[in-house]
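So the structure is just underneath, and the comments pick up after that.
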């Protein structure tokens, strides 16, 4: 009976982790996930974590993406960060993964330089013949940016 209860709890925890961008892992430490789907964006765009927490980016897209710190606005450290997270095409069909732990409280702003700049018409610019990110319906997305707010435990 104990084994069955443990198995159900493990499966339920795994489903919760998959469906949520931020959840608890089995050691009781918060675990925060930023997904990169095939739509050239970070999901969620913003998250709040506590000092000592780790954020993991999972690139589910076929394309490579990067996490580059926006040093002009960062107050939570990791200035100069520039990490390529391989897409499934360059990673043997598996999502690329990158994790980063945060210690000083503050704000960490980041972007993917491949998809983060606006053109003269305020449309996201990406590599390719058309120069912009556009879906099958002709809609343009937003630049690929993200924000992580790092709070101390006394900040709630």
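Take residue 48 and decide whether it is over 18 Å from residue 106 (Cβ atoms), modelled with pLDDT of 95 or more and either touching a strand residue (DSSP E or B) at 6+ places or on another chain (Cβ under 6 Å) or surrounded by 13 or more Cβ atoms within 10 Å (Cβ to Cβ) (or both).
no
Might you check whether a residue that is in contact with a strand residue (DSSP E or B) (Cβ under 9 Å, 6 or more places away or on another chain), surrounded by 14 or more Cβ atoms within 10 Å (Cβ to Cβ), modelled with pLDDT of 95 or more and outside any loop (DSSP other than H, G, I, E, B) occurs anywhere in segment 115-134?
No; the residues of segment 115-134 include none that is in contact with a strand residue (DSSP E or B) (Cβ under 9 Å, 6 or more places away or on another chain), surrounded by 14 or more Cβ atoms within 10 Å (Cβ to Cβ), modelled with pLDDT of 95 or more and outside any loop (DSSP other than H, G, I, E, B).
Do we find that residue 70 is modelled with pLDDT under 95 and within 16 Å of residue 146 (Cβ to Cβ) in this structure?
Yes.
Go through (1) in a strand (DSSP E or B); (2) buried (at least 17 other Cβ atoms within 10 Å of the Cβ); (3) at pLDDT 90 or above for residue 61 and report which single condition fails.
Of everything listed in (1) in a strand (DSSP E or B); (2) buried (at least 17 other Cβ atoms within 10 Å of the Cβ); (3) at pLDDT 90 or above, residue 61 misses just condition (1).
Of the residues that sit in segment 65-86 and are crowded, with 18+ Cβ neighbours inside 10 Å, in a loop (DSSP other than H, G, I, E, B) and at negative phi, which one is nearest to the chain's Cα centre (by Cα)?
Across segment 65-86, the extreme among qualifying residues is 86.
Tally time: how many residues in segment 41-90 are farther than 30 Å from residue 154 by Cβ and in contact (Cβ under 8 Å) with a residue 40 or more places away in the chain? Before you say what the answer is, go through the steps one by one.
Of the residues in segment 41-90, the ones farther than 30 Å from residue 154 by Cβ are 41, 58-66, 68, 82-90.
With the extra rule that they be in contact (Cβ under 8 Å) with a residue 40 or more places away in the chain, the set shrinks to 41, 63-66, 68, 85.
Summing the residues that are farther than 30 Å from residue 154 by Cβ and in contact (Cβ under 8 Å) with a residue 40 or more places away in the chain in segment 41-90 gives 7.
The values are calculated or read from the model by the stated rules, or taken from the named source; none is laboratory data. Being a predicted model, the structure only gives us computed values, none of them experimental. For neighbour counting, all protein chains shown are included, and Cβ atoms are generated from backbone atoms with ideal geometry for every residue, glycine included.
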